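The structure appears right after this line, and notes come after that.
Laboratory data are not the source of any read-out in this text; all were calculated from the coordinates shown. What you are looking at is a predicted structure, and each value in this text was computed from that prediction instead of being measured. Heads up, the Cβs are rebuilt from the backbone with ideal geometry, glycines too, and the neighbour counts pull from every protein chain shown.
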Amino acid sequence: MAKYTIAWMPGDGVGNDVMEATRTVLDALKFDAEYVPADIGWEFWCKEGNPLPDRTIDILKKTDCALFGAITSKPNAEAKKELAPDLQSKGLNYFSPIVKLRQMFNLHTNLRPCKAYPGNPLNYRDDIDLVVFRENTEGMYGGVEWHPLPKKIADALADPEVGHPERMKKWYEKGLENVAFSSRIVSVQGCTSICRQAFEYAKKHNRTRVTLVEKPNVLRETGGLMMRCFYEVAQDYPDIRADDANIDAICMWMIKNPQDYDVLVAENMFGDIVSDLCAGLVGGLGFASAANIGDEYAVFEPTHGSAPKYAGQYVSNPMAMLLTAKLMFDWLGEMDLAKRLEGAIAKVIKEGTIATYDVKGRGKGDSTIQVAEEVARKATEGVAAGA
């Protein structure tokens, strides 16, 4: 019986390509796991009206963790048009299956390391080593939104005792049928948890600075709450520098001086934004991994999209997915496997002999599978000889 059971969710597009490549490396490392196929993504939305079928949720509940490739996501109106004809009249609304997974399994922490591996010609600088902690279940991505804006909601917001009657006046004038509303909801518990995890990570890994990314001068209540929680938590870590920056300002400062930053922490949307910026500094989304971590379960995914037009061509960079597998090893406590995998990835990047087209240039790159096979070779060098 295998030591671990892993939910295997390739998803859409190049998710299948990079997951196949990753399996090549996992098998070479002799990772003792059973991989349980689980359906997720656009195909199941179109055929079944549900991109996250109940059978997949059942599988996740019975496994140790999940590896996830990529999904195609489209606006609701466009998504409805692609439903099977017999489903189009059933009033179904598209939702992001990964967002639903985060909320359903309370995967409150999104960990996104962004490290510049030496030899990568796409590095903005070679001395960048950042980690983003993104709150994963609250904030602007909490999913509490409406279109059109229901009159009950508008009236509540216009109530002089609890709302903003003067500010709501213009929305009534525009016609509530013309108004869409998305909420940003945060809690003391959510803000405190993500901040504490950022500081704990810094303490454990000898990192010296934690920076909060927010916008409290405009988002006064939600941003203000996050700010207060951050500095309350910081008091428990006097040896770690704690500071904050507005989301717009830090995008400029990280281009100017990315090496000055260490651990970043943010609510959901701001964490999403700043982590993509960080990825761009270390080679792009082809090198960007992520872990969605809860108290009892975790889902690991690269941060790139599904790129449907490249599906099955095996041209996509598998490094993000391989680094994602490394995060899985970390979470499972398989530190030797994590070390060997990251070391092999670093060697392949430094040598630069085998790489996909995003690194070498269009028409010059090696295949997704060739890169994975090279990583597998590096990861197993000397193992048979007992090294």
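What is the log10 of I(q)/I(0) for segment 64-157, computed with the Debye formula using one identical point scatterer on each Cα and no solvent, at q = 0.11, 0.14 Å⁻¹? Calculated log10 I(q)/I(0) at the listed q: -0.59, -0.84. Mean-square fluctuations from a GNM of the chain, with a 10 angstrom spring cutoff on Cα atoms, peak among 315, 179, 18 at 179. Note on the chain: GNM, Cα springs under 10 Å; of 46, 195, 65, the largest mean-square fluctuation is that of 46. Farthest towards the positive end of the charge dipole of the chain, among the residues 349, 338, 38, is the Cα of 349, using unit charges on the Cβ of Lys, Arg, Asp and Glu.
Of 62/90; 61/115; 309/360; 47/309; 100/309; 80/100, which pairs sit farther than 23 Å apart, going by alpha carbon to alpha carbon? Don't skip to the end; give the middle numbers.
Details: 62/90 31 Å; 61/115 32 Å; 309/360 20 Å; 47/309 20 Å; 100/309 26 Å; 80/100 18 Å.
Too far apart for the 23 Å limit: 62/90; 61/115; 100/309.
Could you tell me what % of all Cα pairs in segment 279-387 have separations over 21 Å?
Percent of Cα pairs beyond 21 Å in segment 279-387: 38.
Taking the Cα centre of segment 67-142 as the origin and placing charges on Cβ (Lys, Arg +1; Asp, Glu -1), which of 88, 69, 132 is farthest toward the positive end of the dipole? The residue sitting most towards the positive pole is 88. Under a Gaussian network description of the chain, with springs only between Cα atoms under 10 Å, the residue in 267, 145, 177 that fluctuates furthest is 177.
The string of couplings for segment 307-315 from the Karplus curve (6.51, -1.76, 1.60, θ = phi - 60°) is 6, x, 5, 9, 4, x, 8, 6, 10 Hz, one whole number per residue in order, with x for Gly and Pro.
For 22, 208, 63, the sequence from fewest to most other C-beta atoms within 10 Å is 208, 63, 22.
Out of all Cα-Cα pairs in segment 243-323, roughly what percent, to the nearest whole number, are more than 22 Å apart? All intermediate terms of the calculation are to be shown ahead of the outcome.
Working: 1123 of 3240 pairs.
Everything past 22 Å amounts to 35 percent.
If you keep only loop residues by DSSP, which chymotrypsin sites (Phe, Trp or Tyr not before Pro) in segment 136-237 have at most 10 other Cβ atoms within 10 Å of their Cβ? Answer by residue number: there is no such site. Backbone amide hydrogens, once placed in the peptide plane, bring residue 35 within less than 5 Å of 6, excluding anything fewer than 5 places away on its chain. Running Debye on segment 18-115 with equal point scatterers at the Cα sites and no solvent, what base-10 log of I(q)/I(0) appears at q = 0.14, 0.15, 0.19 Å⁻¹? Normalising to I(0) and taking log10 leaves -0.66, -0.74, -1.04. Scaling the Cα radius of gyration of the chain by the globular reference 2.2 N^0.38 Å produces a ratio of 1.04. Computed 3J(HN,Hα) for segment 190-196, one whole-Hz value per residue from the Karplus formula 6.51 cos²θ - 1.76 cosθ + 1.60 where θ = phi - 60°, is x, 5, 5, 4, 5, 5, 5, glycine and proline marked x.
Antiparallel beta bridges, as assigned by DSSP with both residues in the chain, represent about 40 percent of the total such bridges. 3J(HN,Hα) along segment 362-376: 4, x, 10, x, 8, 7, 3, 5, 4, 5, 4, 5, 5, 4, 4 Hz, from the Karplus curve 6.51 cos²θ - 1.76 cosθ + 1.60 with θ = phi - 60°, whole Hz, x for Gly and Pro.
Using helices alone, what [θ] at 222 nm do you get for the chain, with -39,500 (n - 2.57) per DSSP H run of 4 or more residues, divided over all residues and rounded to the nearest 500?
Rounded to the nearest 500, it is -13000 deg cm²/dmol.
Given their separation in residues at 0.36 nm each and the Cα-Cα distance between them, residue 157 and residue 256 gain 31.5 nm when the chain is fully extended.
The tail of the calculated P(r) for segment 187-242 beyond 14 Å holds 50 percent of all Cα-Cα pairs.
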